[in-house]
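The values are calculated or read from the model by the stated rules, or taken from the named source; none is laboratory data. Fair warning: this is a prediction, and the values are worked out from it, not measured in the lab. Note that we place each Cβ from the backbone using ideal geometry, even for glycine, and neighbour counts take in every protein chain shown. Ligands, DNA and RNA are excluded from the accessible area calculation, which covers all protein heavy atoms including side chains. Shrake-Rupley method; radii C 1.70, N 1.55, O 1.52, S 1.80 Å.
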Amino acid sequence: YQNKGWITGLSSGPRISAPDQNLFQVTISLTEEGENHWKDVVKWIFAYAKMLCAAAEATLKLNGGGDNDTCKSDGDLYRIWDEVGQLDRMRFHQTSPGAVYSFAQSVSQSISKYGTTNCLSAGSLLNETRNSLPLAELLEFCQKIVPNNCFIERFSQGAWDEMEALYPDEAVTNSTNGFAFGKQTEQWYGVEYFVSPLLESDVKLWET
(Lines give C-alpha, C1' and ligand atoms only; values in the text may rest on other atoms or scores of the structure.)
Protein backbone atom coordinates (compact mmCIF):
# COMPACT_ATOMS: atom_id res chain seq x y z
CA TYR A 1 0.00 0.00 0.00
CA GLN A 2 3.01 2.26 0.05
CA ASN A 3 3.06 1.83 -3.75
CA LYS A 4 -0.57 2.97 -3.82
CA GLY A 5 0.40 6.12 -1.94
CA TRP A 6 -1.75 5.18 1.05
CA ILE A 7 0.85 5.04 3.82
CA THR A 8 3.99 6.98 4.71
CA GLY A 9 5.17 5.00 7.74
CA LEU A 10 4.67 1.76 9.66
CA SER A 11 5.99 0.55 12.99
CA SER A 12 5.01 -2.01 15.61
CA GLY A 13 5.93 -3.00 19.12
CA PRO A 14 4.66 -3.09 22.70
CA ARG A 15 2.56 -0.12 23.74
CA ILE A 16 2.24 -1.46 27.28
CA SER A 17 4.76 -3.96 28.58
CA ALA A 18 4.46 -5.21 32.15
CA PRO A 19 5.06 -8.51 33.94
CA ASP A 20 1.35 -9.35 33.89
CA GLN A 21 0.18 -7.78 30.62
CA ASN A 22 1.25 -6.59 27.21
CA LEU A 23 -0.50 -4.51 24.58
CA PHE A 24 0.87 -4.92 21.05
CA GLN A 25 0.50 -1.89 18.80
CA VAL A 26 0.76 -1.39 15.04
CA THR A 27 1.11 2.27 14.05
CA ILE A 28 0.49 3.31 10.44
CA SER A 29 0.76 6.85 9.09
CA LEU A 30 -1.82 7.31 6.35
CA THR A 31 -1.97 9.79 3.51
CA GLU A 32 -5.24 11.53 2.76
CA GLU A 33 -6.00 8.85 0.16
CA GLY A 34 -5.02 6.16 2.65
CA GLU A 35 -7.43 7.58 5.20
CA ASN A 36 -10.19 7.04 2.64
CA HIS A 37 -9.17 3.35 2.51
CA TRP A 38 -8.36 2.80 6.19
CA LYS A 39 -10.59 -0.27 6.39
CA ASP A 40 -8.59 -1.93 3.61
CA VAL A 41 -5.37 -1.14 5.44
CA VAL A 42 -6.72 -2.74 8.63
CA LYS A 43 -7.87 -5.75 6.63
CA TRP A 44 -4.33 -6.41 5.42
CA ILE A 45 -2.91 -6.20 8.94
CA PHE A 46 -5.15 -9.09 9.96
CA ALA A 47 -4.45 -10.89 6.69
CA TYR A 48 -0.71 -10.65 7.32
CA ALA A 49 -1.12 -12.03 10.84
CA LYS A 50 -3.14 -14.91 9.42
CA MET A 51 -0.43 -15.56 6.85
CA LEU A 52 2.19 -15.73 9.62
CA CYS A 53 -0.02 -18.18 11.52
CA ALA A 54 -0.26 -20.42 8.46
CA ALA A 55 3.50 -20.24 7.87
CA ALA A 56 4.29 -21.06 11.50
CA GLU A 57 1.85 -23.98 11.52
CA ALA A 58 3.27 -25.35 8.28
CA THR A 59 6.84 -25.08 9.55
CA LEU A 60 5.97 -26.76 12.84
CA LYS A 61 4.36 -29.65 10.95
CA LEU A 62 7.36 -29.87 8.65
CA ASN A 63 9.57 -30.29 11.69
CA GLY A 64 7.20 -32.73 13.37
CA GLY A 65 6.31 -30.21 16.04
CA GLY A 66 9.76 -30.64 17.54
CA ASP A 67 11.59 -28.09 19.61
CA ASN A 68 13.74 -25.39 18.04
CA ASP A 69 16.96 -27.38 18.37
CA THR A 70 15.67 -29.87 15.80
CA CYS A 71 14.37 -27.30 13.31
CA LYS A 72 16.35 -27.53 10.09
CA SER A 73 13.91 -25.92 7.65
CA ASP A 74 15.13 -23.31 5.18
CA GLY A 75 11.72 -21.61 4.99
CA ASP A 76 11.02 -17.90 4.84
CA LEU A 77 10.38 -17.57 8.58
CA TYR A 78 13.87 -18.83 9.40
CA ARG A 79 15.46 -16.61 6.76
CA ILE A 80 13.62 -13.51 8.01
CA TRP A 81 14.41 -14.30 11.67
CA ASP A 82 18.08 -14.66 10.78
CA GLU A 83 18.08 -11.36 8.86
CA VAL A 84 16.35 -9.52 11.72
CA GLY A 85 18.96 -10.84 14.14
CA GLN A 86 21.81 -9.69 11.89
CA LEU A 87 20.29 -6.21 11.52
CA ASP A 88 19.73 -5.95 15.29
CA ARG A 89 23.35 -6.86 15.96
CA MET A 90 24.54 -4.24 13.48
CA ARG A 91 22.36 -1.54 15.03
CA PHE A 92 23.43 -2.48 18.55
CA HIS A 93 27.13 -2.26 17.80
CA GLN A 94 26.89 0.91 15.67
CA THR A 95 24.54 2.96 17.87
CA SER A 96 25.95 5.48 20.33
CA PRO A 97 24.32 6.11 23.72
CA GLY A 98 21.81 8.93 23.79
CA ALA A 99 21.64 11.86 26.17
CA VAL A 100 22.86 11.00 29.67
CA TYR A 101 19.55 11.73 31.39
CA SER A 102 17.40 9.57 29.09
CA PHE A 103 20.10 6.87 28.86
CA ALA A 104 20.38 6.54 32.64
CA GLN A 105 16.61 6.38 32.99
CA SER A 106 16.16 3.67 30.37
CA VAL A 107 19.08 1.60 31.69
CA SER A 108 17.80 1.74 35.27
CA GLN A 109 14.43 0.43 34.10
CA SER A 110 16.11 -2.28 32.04
CA ILE A 111 18.26 -3.38 34.99
CA SER A 112 15.15 -3.96 37.10
CA LYS A 113 13.74 -6.22 34.35
CA TYR A 114 16.78 -8.02 32.92
CA GLY A 115 19.62 -7.57 35.42
CA THR A 116 23.00 -5.94 34.96
CA THR A 117 24.34 -8.52 32.50
CA ASN A 118 21.61 -8.09 29.88
CA CYS A 119 20.35 -4.58 30.62
CA LEU A 120 21.95 -3.06 27.49
CA SER A 121 21.39 -5.89 25.04
CA ALA A 122 17.88 -7.00 26.04
CA GLY A 123 15.61 -7.05 23.01
CA SER A 124 18.47 -6.83 20.51
CA LEU A 125 18.53 -10.52 19.51
CA LEU A 126 22.32 -10.55 19.87
CA ASN A 127 22.54 -14.28 20.52
CA GLU A 128 19.72 -15.48 18.29
CA THR A 129 20.25 -17.67 15.24
CA ARG A 130 17.87 -19.10 12.64
CA ASN A 131 17.59 -22.24 14.76
CA SER A 132 16.35 -20.37 17.82
CA LEU A 133 13.17 -19.06 16.18
CA PRO A 134 10.34 -19.61 18.73
CA LEU A 135 7.79 -21.01 16.29
CA ALA A 136 5.23 -22.13 18.87
CA GLU A 137 5.30 -18.74 20.60
CA LEU A 138 5.07 -16.93 17.25
CA LEU A 139 2.01 -18.98 16.35
CA GLU A 140 0.36 -18.32 19.72
CA PHE A 141 1.08 -14.59 19.41
CA CYS A 142 -0.24 -14.22 15.85
CA GLN A 143 -3.41 -16.11 16.75
CA LYS A 144 -4.25 -13.22 19.09
CA ILE A 145 -4.13 -10.63 16.29
CA VAL A 146 -7.78 -10.94 15.30
CA PRO A 147 -10.64 -8.42 15.03
CA ASN A 148 -12.37 -9.50 18.26
CA ASN A 149 -9.19 -8.94 20.26
CA CYS A 150 -8.30 -5.39 19.27
CA PHE A 151 -9.27 -1.77 19.24
CA ILE A 152 -8.56 0.72 16.47
CA GLU A 153 -7.52 4.33 17.04
CA ARG A 154 -7.85 6.90 14.28
CA PHE A 155 -6.41 10.41 14.36
CA SER A 156 -7.69 12.52 11.49
CA GLN A 157 -10.22 15.19 10.64
CA GLY A 158 -12.07 12.68 8.49
CA ALA A 159 -12.45 10.29 11.42
CA TRP A 160 -13.70 13.12 13.63
CA ASP A 161 -16.26 14.19 11.03
CA GLU A 162 -17.50 10.59 10.68
CA MET A 163 -18.02 10.29 14.41
CA GLU A 164 -19.74 13.66 14.71
CA ALA A 165 -22.22 12.57 12.05
CA LEU A 166 -22.73 9.22 13.79
CA TYR A 167 -23.05 10.68 17.31
CA PRO A 168 -24.52 14.20 17.03
CA ASP A 169 -25.56 14.19 20.69
CA GLU A 170 -23.81 13.33 23.93
CA ALA A 171 -22.41 9.89 24.69
CA VAL A 172 -24.97 7.08 24.81
CA THR A 173 -24.59 4.27 27.33
CA ASN A 174 -25.11 0.76 25.99
CA SER A 175 -27.83 -0.97 28.02
CA THR A 176 -26.22 -4.38 27.50
CA ASN A 177 -22.71 -3.78 28.85
CA GLY A 178 -22.99 -0.31 30.35
CA PHE A 179 -20.24 1.04 28.09
CA ALA A 180 -20.61 4.59 26.77
CA PHE A 181 -20.31 5.27 23.04
CA GLY A 182 -20.09 8.69 21.42
CA LYS A 183 -18.28 11.93 22.29
CA GLN A 184 -16.49 11.88 25.61
CA THR A 185 -14.08 14.12 27.50
CA GLU A 186 -10.83 13.00 29.06
CA GLN A 187 -11.05 13.80 32.77
CA TRP A 188 -7.59 15.30 33.40
CA TYR A 189 -6.83 17.35 30.29
CA GLY A 190 -10.33 17.91 28.94
CA VAL A 191 -9.52 16.44 25.51
CA GLU A 192 -12.58 15.39 23.54
CA TYR A 193 -12.65 12.06 21.73
CA PHE A 194 -15.14 9.52 20.38
CA VAL A 195 -15.65 5.85 21.25
CA SER A 196 -17.51 3.68 18.76
CA PRO A 197 -18.05 -0.08 18.37
CA LEU A 198 -16.69 -1.80 15.28
CA LEU A 199 -19.31 -2.54 12.65
CA GLU A 200 -20.16 -6.24 12.32
CA SER A 201 -19.80 -6.00 8.54
CA ASP A 202 -16.23 -4.70 8.94
CA VAL A 203 -15.36 -7.41 11.45
CA LYS A 204 -16.65 -10.12 9.09
CA LEU A 205 -14.61 -8.61 6.25
CA TRP A 206 -11.44 -8.57 8.35
CA GLU A 207 -11.99 -12.11 9.65
CA THR A 208 -12.09 -13.54 6.14
The simple spin-label model distance between SER102 and VAL195, using points 7 Å out along Cα→Cβ, in nm, is 3.2 nm
I need the calculated FRET efficiency for the pair LEU87 and VAL172, taking r as the beta carbon distance and R₀ as 41 Å, to the nearest 0.05. 0.30
Residue separation between GLU33 and ALA136 times 0.36 nm, minus their alpha-carbon distance, gives in nm 33.3 nm
Estimated [θ] at 222 nm from DSSP helical runs (n ≥ 4, -39500 (n - 2.57)) normalised by residues in the chain, nearest 500: -14500 deg cm²/dmol
Counting only protein heavy atoms and using a 1.4 Å probe, what share of the accessible area of the chain belongs to carbon plus sulfur, as a whole percent? 54 percent
In order over the stretch 30-35: 3J(HN,Hα) from phi, Karplus 6.51/-1.76/1.60, θ = phi - 60°, whole Hz, x for each Gly or Pro, gives 9, 7, 4, 5, x, 4
Any idea what the relative contact order of the chain is, in percent, if you count C-alpha pairs under 8 Å spaced at least 6 apart? 18 percent
Quick check for you: with a 1.4 Å probe and neighbouring chains kept, what is the accessible area per residue of the chain, in Å²? 72 Å²
I want to verify a result. In a Gaussian network model of the chain, Cα cutoff 10 Å, which of these has the top mean-square fluctuation: GLY85, GLY75, GLY123? GLY123
In the chain, what percentage of the DSSP-assigned beta bridges are antiparallel, given to the nearest 5? 95 percent
I need the calculated FRET efficiency for the pair SER124 and ASN63, taking r as the beta carbon distance and R₀ as 25 Å, to the nearest 0.05. 0.45
